[in-house]
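Down below is the structure, laid out as structure tokens.
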């Protein structure tokens, strides 16, 4: 008998427009009444495995010991199975698809220790029609884990090294001494988290009060502005664009009480170049796509 | 004293934009702290009793023993009361309006065994103003049921046969050997569930790989396309429209990683005709509203 | 040692698009596993402290004994601290920013009895980057309160009278015997709650069946219509605008099965004038912005 768990953290792209998330929780309540479900969110865009993997990675340090269900399907039948991965000395088990969704969180939790294919049908629920893995596989498997079923019973052991890795975009240096970054995430307020930390813009934009240039987006739609390093958006002047270290430790673009994503016309996955400000560029923020077209 | 319950499943059209759902759960927490609320979703469109009844019917097989609150008001004062219905040998009690919302789920759970009007005010909460039944009646009644109050104490017994039935649209045969169906539900991904099962399109579109014609919508806006029976949308070619048996056992229109509802310009309640493909129609999917106008 | 609590009610502007709300609940689950979180809603518009304070005030009578986390940040660094306020003889502790958000609810719960600045870092969580008060301060503080830590241990005692008051707009009399009101809140159905009660329109529009004039909005966009006092919207004729006493005890504009906010082109914060109907105005509802421009 394995360790019993009493918390299931749950992230998905299922949305809350219909009853699917509720059905998953109903199954858990029915099969493992002592287990409590913590919703980490269900508004990952359909098929956006990367967005799901990043949200899970941002959450993992705060997730209690227990099972984590993560359900974001790439929408392409790649023949890869459903899996469960044990991490953190057995404190956590990640349940989901083998499409890279679980990989960044598993890595942050110390790496996969044991992994199984979820190929034991007797631990799944039968469907009245087509399969809905989150309902038919992940929910009952998570409930069984909470009830003390050991990972090894749930399916065939697999080599964790054979699992599909996650894709986290890396920044690169630009020709002009800056960094070519990418928007990883736009939060509720419109702040744009980048895939760079404060060290990536040292020393030219690392200190509070420093100014730099940002080119958001590419091509004709690129927007070029001056940004100011500040401790938080509330200290910016109206309309000024700030570069903050966000609560996850990454650099993020922001404005005071306004959406940086709207102001700069960018969203998750879009390119953002940060570079040192040339002499003469320290005036008020200007918008120019001409400069970019000329490159 | 009746049976005690410890789970309340909760479906409504209240949305999550304001605090109403939270207030219902606060009342339950206050009156029956041992009871756990499972949200089956709150994004049923306002006044859409049919959509609510279908969501409840899709959920009911997964709902744990306990109380079910369902709150979708037709928005017309029809003088019909609030009711509670016992189903499944006492394992479940449905609480909600007598407007057909509860009927399909009750039928799927074996039919109403006992039913009462919720006309005992001493089991309700007083309002500071107008009545909000989900807050003033359903929440406290559900809490009392969880605390062991028997159904019979909550109001006047009524004949379950006198309750308003639900409205589930039935498909009909078309003149040309097909079936005139209706979109019951569009899920988060845009898959369009129809009110037909695989038997309704046998033998011409029942087997995997079979092709058929779909006419989605009516009149000038109708879209005519070829659909392919597949096991799931992930196996479709890009842009191809699939006909799958969905996780609830019904036929659904889908695309690979795209919304069938957007592609075909249909939503819940819209007509969809499926019919055998004539010789010569097996080319790539084409859009034509001319054909329909000519009928 | 203070009193232990087992419920945390939680209101915020965090939205459910990302994992932040889930992370707060994960922290609570980890630190105080016995505590149950009741979500009062997370869709307060970013920076809209007034909307948050009103939602909290509407909820407070229904909230169980325990901790209340309220997180709506004005988005401007005003140097005001994070606070906790004890109310209702110790039955409740409100945790949040000192920006007026908590004030109306605290007043409705009998007023602040003790208050502290949350300036004891050892009760907070460290951040990997910038501070996210709801995650780093409010969540762990709420968990500590549930675990029996007394309010006084959490920080420096402050005078409750020094806290920033809430801003609740008051109606005023109009020149023509009516009342100049404001939309406080638009609910899921589009009903527009006003900041006036039935006494404010007595005797000319207080009785069921009475008719009055409404001017919604200001300037060229103002819409003038006849409204009818009814017990609830379901009794209105199609297209007629009703004035009801809503479930919170305030007057609200509504239509049968339609959105009053859309019909009258108003939202929260917009002006609405109610006034007695002149002779000759009792015809069918008419839309006229001319009349307002002439004032």
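The values are calculated or read from the model by the stated rules, or taken from the named source; none is laboratory data. This one's a predicted model, so the numbers in the text were calculated from it and none came from an experiment. A quick note on method: Cβ atoms are made from the backbone with ideal geometry, for glycine too, and the neighbour counts reach across all protein chains shown.
Numbers below:
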{"item": "Filter result (touching a residue at least 60 places away in the same chain (Cβ under 8 Å), assigned to a loop (DSSP other than H, G, I, E, B) and in contact with a helix residue (DSSP H, G or I) (Cβ under 6 Å, 6 or more places away or on another chain)) within segment B:12-25", "result": "B:14"}
{"item": "Residue C:9 vs. criteria buried (at least 19 other Cβ atoms within 10 Å of the Cβ), part of a helix (DSSP H, G or I) and more than 10 Å from chain A (Cβ to nearest Cβ)", "result": "no"}
{"item": "Which listed residue, of A:37, A:28, is more than 8 Å from every other protein chain (Cβ to nearest Cβ), part of a strand (DSSP E or B) and farther than 27 Å from residue B:235 by Cβ", "result": "A:37"}
{"item": "Test: residue in segment A:238-261 that is at pLDDT below 95 and in a helix (DSSP H, G or I)", "result": "no"}
{"item": "Residue check, residue A:79 closer than 30 Å to residue B:230 by Cβ, out of contact with any strand residue (DSSP E or B) (no Cβ under 7 Å at 6 or more places or on another chain) and without any contact (Cβ under 8 Å) to a residue 24 or more places away in the chain", "result": "yes"}
{"item": "Residue check for residue A:158: modelled with pLDDT of 95 or more and more than 30 Å from residue A:94 (Cα to Cα)", "result": "no"}
{"item": "One residue from B:55, B:65 being surrounded by fewer than 22 Cβ atoms within 10 Å (Cβ to Cβ) and either under 21 Å from residue B:131 (Cα atoms) or in contact (Cβ under 8 Å) with a residue 60 or more places away in the chain (or both)", "result": "B:65"}
{"item": "Hits in segment B:237-261 - residues which are more than 9 Å from chain A (Cβ to nearest Cβ), free of Cβ contacts under 8 Å to residues at least 40 places away in the same chain and more than 20 Å from residue B:178 (Cα to Cα)", "result": "B:237, B:238"}
{"item": "Qualifying residue in segment C:58-76 (condition: in contact with a helix residue (DSSP H, G or I) (Cβ under 7 Å, 6 or more places away or on another chain), at positive phi and part of a loop (DSSP other than H, G, I, E, B))", "result": "yes"}
{"item": "Odd one out for residue C:232 among (1) within 14 Å of chain B (Cβ to nearest Cβ); (2) surrounded by 17 or more Cβ atoms within 10 Å (Cβ to Cβ); (3) modelled with pLDDT of 95 or more", "result": "(3)"}
{"item": "The listed residue being within 14 Å of another protein chain (Cβ to nearest Cβ) and either farther than 28 Å from residue A:57 by Cβ or in a loop (DSSP other than H, G, I, E, B) (or both), out of A:226, A:183, A:196", "result": "A:196"}
{"item": "Test result for residue B:189, within 14 Å of chain A (Cβ to nearest Cβ) and buried (at least 20 other Cβ atoms within 10 Å of the Cβ)", "result": "yes"}
{"item": "In segment C:82-97, the residues that are over 13 Å from residue C:142 (Cα atoms) and within 14 Å of another protein chain (Cβ to nearest Cβ)", "result": "C:88, C:91, C:97"}
{"item": "Residue satisfying all of: in segment B:161-177; touching a helix residue (DSSP H, G or I) at 6+ places or on another chain (Cβ under 8 Å) and more than 17 Å from residue B:197 (Cβ to Cβ); modelled with the lowest pLDDT among these", "result": "B:167"}
{"item": "Subset of segment B:40-57 (residues that are over 20 Å from residue A:29 (Cα atoms) and assigned to a loop (DSSP other than H, G, I, E, B))", "result": "B:43, B:44, B:45, B:46, B:47, B:48"}
{"item": "Some residue of segment C:269-291 being assigned to a loop (DSSP other than H, G, I, E, B) and at pLDDT 95 or above", "result": "yes"}
{"item": "Qualifying residue in segment A:206-218 (condition: in contact with a helix residue (DSSP H, G or I) (Cβ under 9 Å, 6 or more places away or on another chain), under 22 Å from residue C:132 (Cβ atoms) and crowded, with 17+ Cβ neighbours inside 10 Å)", "result": "yes"}
{"item": "Breaking point among (1) modelled with pLDDT of 95 or more; (2) farther than 22 Å from residue A:61 by Cβ; (3) surrounded by fewer than 23 Cβ atoms within 10 Å (Cβ to Cβ), for residue C:110", "result": "(1)"}
{"item": "Every pair of residues 6+ apart whose Cβ atoms lie under 6 Å, when the first sits in segment C:125-137 and is more than 7 Å from chain A (Cβ to nearest Cβ) while the second is in a loop (DSSP other than H, G, I, E, B) and surrounded by 19 or more Cβ atoms within 10 Å (Cβ to Cβ)", "result": "C:136/C:124; C:137/C:118; C:137/C:124"}
